[in-house]
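This report concerns only the one structure given below.
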Amino acid sequence: MDTASAPGRAVVEVDDVVKTFDGGNVVALDHVSFQVPEGQLAVIIGLSGSGKSTLLRHLNGMHTPTSGAVRVLDRDVASLRGRELRALRRDVGFVFQSFNIVGRVTCLENVMSGALGRLRGPRYGVTTFSKSLRREALEQLDRVGLGDRAFQRTDTLSGGQQQRVAIARTLMQKPRIVLADEPVASLDPEISGQVMDVMFRACIEDNITVLCSLHQVDLALGWANRLIALRDGKLVLDSPVDSDLSHERVMEVYQRLDPTGEKVDEYSLGPTPVIEH
């Protein structure tokens, strides 16, 4: 199977990674290998349980591989501890499906918290941040279309607006890589498109490398430079998003083959198909 390539230095290297749970009885990742160059927008697709979230969590040290290696920004992630791991996580922002924001405080306070990794000591409230950081946080809220909501409690916003606050907070971190784990899974299709537009446009402007897991094939084809697909923990597709990559072909990731070779729906049992490119 050919892998997608693009110019630029690799900032993410996943080398023959296996991840098991429950004493080896559950295989979450099964000999997965790929590289992502700087500045690429890569989308990871697959059914629930295919290993997408597990893979992303290896890239910032939330999980360590059972075997194989993960290098991010030239650092062996599994070997990092303490200060070195915190330094990596300052460079690798994470956008969660559940937003992970503090609802009882303002949008501005949530966004400013993204700068804490750059500061020494705790901060309590807006006035404990410098004027320059407050101005920077307001600029990030403007970027996601929420400059007029800066002093509004975050839990009064819609789901799409809350996710945009979470994106602004991640950008405030000044990351070199953004990992987004199903960032629009709980949003309706129209709002999902708006959120993806905000995130990817900002990352393009800042030359941030993005790895984003999605269920929505149309969104993946519309925004990604590259599509990576997992099935039962295996890498089954790695392709640039171009005129040769059709919606129908990508949807094969969500189908299985029965013992006779016939396609069946995604809820049936059967071996994992490998899609050649």
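Derivation of every value follows stated rules applied to the coordinates shown; laboratory data play no part. Source: prediction; values computed, not measured. Glycine also receives a Cβ, built like all others from the backbone with ideal geometry; neighbour counts cover every protein chain displayed.
Below, the figures for the structure above:
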read-out: VAL102/HIS247 FRET efficiency (R0 45 Å; Cβ-Cβ; nearest 0.05); value: 0.70
read-out: For the chain, calculated [θ]222 nm from helices alone, where every DSSP H run of n ≥ 4 adds -39500 (n - 2.57); value: -8500 deg cm²/dmol
read-out: Relative contact order for segment 47-151, counting Cα pairs under 8 Å that sit 6 or more residues apart, in percent; value: 18 percent
read-out: Distance (nanometres) between label positions extended 7 Å along Cα→Cβ at ARG86 and ARG201; value: 3.6 nm
read-out: Degrees separating the helix 159-172 axis from the principal Cα axis of the chain, which is the longest one; value: 80 degrees
read-out: Interchain or long-range residues, amide H under 5 Å from THR20's placed H; value: ALA28, THR66
read-out: Computed FRET value (nearest 0.05) for ASP155 with GLU190, which takes r as the C-beta separation and R₀ as 25 Å; value: 0.70
read-out: Per-residue ³J(HN,Hα) for segment 34-47, Karplus 6.51 cos²θ - 1.76 cosθ + 1.60, θ = phi - 60°, Hz, x for Gly and Pro; value: 5, 10, 10, x, 4, x, 7, 9, 10, 10, 9, 10, x, 5
read-out: Cα gyration tensor, segment 69-207 - rounded (a/c under 1.5), prolate or oblate; value: oblate
read-out: Shape call, segment 1-95: gyration tensor on alpha carbons, a/c limit 1.5; value: oblate
read-out: Distance between modelled label sites at ASN25 and SER79, nm, 7 Å Cα→Cβ extension; value: 3.5 nm
read-out: ³J(HN,Hα), Karplus 6.51/-1.76/1.60, whole Hz, each residue of segment 67-81, x for Gly, Pro; value: 8, x, 9, 10, 10, 10, 6, 6, 10, 6, 4, 5, 8, 7, 9
read-out: Förster radius 30 Å - calculated FRET efficiency between ASP16 and LEU119 (Cβ-Cβ, nearest 0.05); value: 0.20
read-out: In Hz, Karplus ³J(HN,Hα) per residue of segment 135-147 (6.51, -1.76, 1.60; θ = phi - 60°; x = Gly, Pro); value: 5, 5, 5, 4, 5, 5, 5, 4, 4, 9, x, 10, x
